[in-house]
1. Put a dot 7 Å past each Cα toward the Cβ at Glu510 and Leu530; how far apart are the dots in nm?
2. Could you report the chain's accessible area per residue, 1.4 Å probe, as an integer in Å²?
3. Mean separation of Cα pairs under 8 Å and 6+ residues apart, divided by the residue count of the stretch 410-524: what relative contact order is that in percent?
4. Over the stretch 526-630, what is the relative contact order in whole percent, taking alpha-carbon pairs under 8 Å and six or more residues apart?
5. With each pseudo-label sitting 7 Å past Cα toward Cβ, what's the Phe476-Asp648 distance in nm, one decimal?
6. Modelled label-to-label distance, Lys124 and His297, 7 Å Cα→beta-carbon offset: nm?
7. Taking a cut-off of 14 Å, what percent of all Cα-Cα pairs in the stretch 463-515 are separated by more than that?
8. Separation of the stretch 520-578 and the stretch 296-368 by C-alpha centroid, Å?
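The values are calculated or read from the model by the stated rules, or taken from the named source; none is laboratory data. Remember, predicted model here, so these are calculated numbers, not experimental data. Please note: Cβ atoms are built from the backbone with ideal geometry, for glycine as well, and neighbour counts cover all protein chains shown. In case anyone asks, the SASA skips ligands and DNA or RNA and just uses the protein heavy atoms, side chains included. Shrake-Rupley method; radii C 1.70, N 1.55, O 1.52, S 1.80 Å.
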Amino acid sequence: MPRLRPLAACLLLCLCACGGEDGGGAGREPATVGTTTTAEYADLIERSRTEPSRYAGVGPTRIRLTDVSERAGLDVVNHSGRAGVKEFLLEAVGPGSAWFDLDNDGFLDLYVPDGDVFSNYVLKHELDPETRRLRPLLVPKSPRPEVFEDQLWRNNGDGTFTNVARSAGVADANWSFGVTAFDYDGDGWTDLFVSNFGPDRLWRNNGDGTFTDVAERVGVAGKPWTWSTCAAVGDVDGDGRLDLYVAAYADPAVEVDKQRRAQGYPEGTPVEAISGRQCRWRSIRAYCGPIGLQGLHDTMYRQREDGTFEDVTETWGLVPPVARYAFTCLMFDFNDDGLLDVYCANDSEENFMWQQHRDAEGRVRFRDTSTSLGVKYGHNLVAQASMGACAADLDQDGRLDIFVTNFSHDYNNIYLGQRVPGDETRYFFTDRGLPLMSSVVFYDLSWGAGWYDLDNDADLDLFVANGHVYKEIDLFRLTGSTYEQYNTVMECVEPGEAMGYREVGRKAQEKAAAGVDPAHLEAGDGTAVLKCSRQAGFGDFDNDGRMDLVVLNMNDRPTLLRNEADPAGHGWIKLSLRQPGRNRDALGAVVEVTVGARTFRQPVLRLTSFLGTDDPRLHFGLGAEAGARVRVVWPGIEREATDFGRLDAGGWWELDRATGEARRLTLRPVVRPE
């Protein structure tokens with residue numbers, strides 16, 4: 001790695017030069033970070049390498065992530081446009097994935113959406129029935145010249161997976177992005193909402209290994225021109241039925257048609273012949289956006305008693321003055337008032353915090369409180385290119401926090417929840433991302449992320465998937481960034497409010513700080529994978545009590561990382577919630593797990609990381625403790641709570657709201673052939 005002091009002037013020059021030009025891709029690189037100039041920031045990174053690390057004496061990490069993709073059989077390549085340089089921003093995003101149990105056999109299965117290519121589309125103009133005006137549409141050719149289908153990987157119980165998408169009926173050829181796995185009708189079988197460019201899918205699980213798309217019938221298919229990115233889910237109005245918040249990004253057809261007209265092409269020109277690389281990034285041609293693209297408003301769907309949905313976006317007050325470019329949205333109760341709120345990480349624009357309240361008649365209303373709560377921007381008060389997001393009690397202070405990933409030459413946000421002194425009903429957030437991990441992530445372009453105890457030592461570690469959006473970055477040798485990137489693994493070494501972390505894995509070994517033995521940072525060959533990654537989905541696929549993960553990569557096959565941390569002396573516990581009604585998994589609840597002197601609070605939600613769904617079973621490392629005390633605050637404005645007492649380590653427990661009892665479930669181990 002080159003020394004960084006000579007880079008400072010180059011970075012400042014490049015970043016300032018591109019700031020006044022059009023374009024910028026899925027995010028914009030700041031010329032300043034907080035109140036720190038890029039040159040000063042480079043000095044900060046240099047000092048982090050040359051000054052002795054406060055954690056130099058910690059010793060070898062216990063985290064071990066092993067790449068088992070090949071032996072698992074996850075061999076289908078994702079299609080996010082053509083590989084290499086992208087013409088339009090739509091091609092640069094990539095998908096999320098979902099861990100869920102499709103057949104209730106006790107093993108986690110995996111849904112992986114696939115994308116598409118522009119040569120499969122025709123640009124047309126059709127009358128919009130709402131506006132009575134012609135609008136451009138990208139219409140799939142029939143039949144498609146090339147067919148790329150979503151995959152449903154069934155866990156065989158022996159460490160391998162089989163793609164059963166076609167037999168299950170979910171081999172959809174739409175350009176897919178996010179997937180939310182949840183039981184929308186409360187029948188005990190997990191369903192799938194897939195967010196697409198074009199009509200969305202709601203795959204109802206038939207309980208026999210097959211699925212039926214009911215999106216059109218129940219009213220959640222959306223518009224044919226909408227590019228949906230993800231769907232957050234929860235019982236917003238407290239009627240016992242699950243509602244959907246569907247996030248949207250932009251209208252790609254408008255941008256393609258704009259470029260067609262600007263380049264003087266006649267109508268009927270093949271889409272693949274139209275160049276979208278008409279903007280500038282680092283003084284070279286690149287695709288345009290997101291600023292300047294025609295943004296789309298998100299949609300809130302309320303589930304009716306008959307299982308259909310109605311659009312309540314305007315009624316509930318969820319329409320901002322200007323549409324933003326939404327990526328990952330979280331639905332959880334951030335301020336403990338029993339009402340579900342919605343946080344949206346928006347690309348290159350301010351983020352939303354849709355805080356729910358009730359009017360004088362008790363009706364649901366939302367208002368965007370991101371400014372007063374401190375989550376609209378980072379601490380520098382400038383919009384960032386927010387991609388992925390997740391929520392947890394990171395510092396174990398009893399308040400939920402939010403983690404957000406951002407563009408390269410920037411920093412990720414750690415929004416720590418705070419209460420106003422003297423008024424426990426008022427809440428705000430403080431961004432600690434810059435001081436806590438600035439130098440580690442400065443060159444990374446980050447997407448999916450999750451805070452999980454990767455070594456079961458009773459604290460939260462962090463994994464972040466990284467990868468650039470511009471293949472052109474490889475033309476610049478002195479930026480410190482590349483298209484394919486190592487992912488980031490942060491090991492917690494000081495839990496609680498200290499929030500002390502050290503980076504481990506291959507990236508950390510190659511830039512080990514002074515006084516640190518690189519051998520102590522060895523975290524398995526899974527950290528040496530060098531790809532352009534997007535989502536990181538977390539799930540214990542082999543049921544051994546250690547959290548594994550899958551990473552989705554651009555125009556490449558997925559990476560499956562098996563967690564092989566030494567289990568000796570480090571226990572764990574898994575929890576599932578059950579309650580009567582259609583919200584049978586108790587989405588919106590908050591689980592409190594006390595391990596020794598520390599308490600972890602975890603919201604029960606489905607959509608997280610980047611456009612994906614993690615293991616529905618909540619996982620907690622217990623360290624040397626033989627058990628943990630568990631309490632659940634159930635969904636609802638009444639905030640009913642149940643104390644389940646002390647539960648033994650090494651078990652998967654179902655917590656029943658109706659009976660107040662904890663039932664130990666059978667955790668079937670994966671049996672690998674010798």
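1. Going from the Leu530 label point to the Glu510 one covers 0.5 nm.
2. On the way: 23690 Å² over 674 residues.
In whole numbers, the chain has 35 Å² accessible per residue.
3. 16
4. Relative CO of the stretch 526-630 lands at 26 percent.
5. Label at Phe476, label at Asp648, 5.8 nm between them.
6. 2.7
7. Working: 872 of 1378 pairs.
Of all Cα-Cα pairs in the stretch 463-515, 63 percent lie more than 14 Å apart.
8. 32
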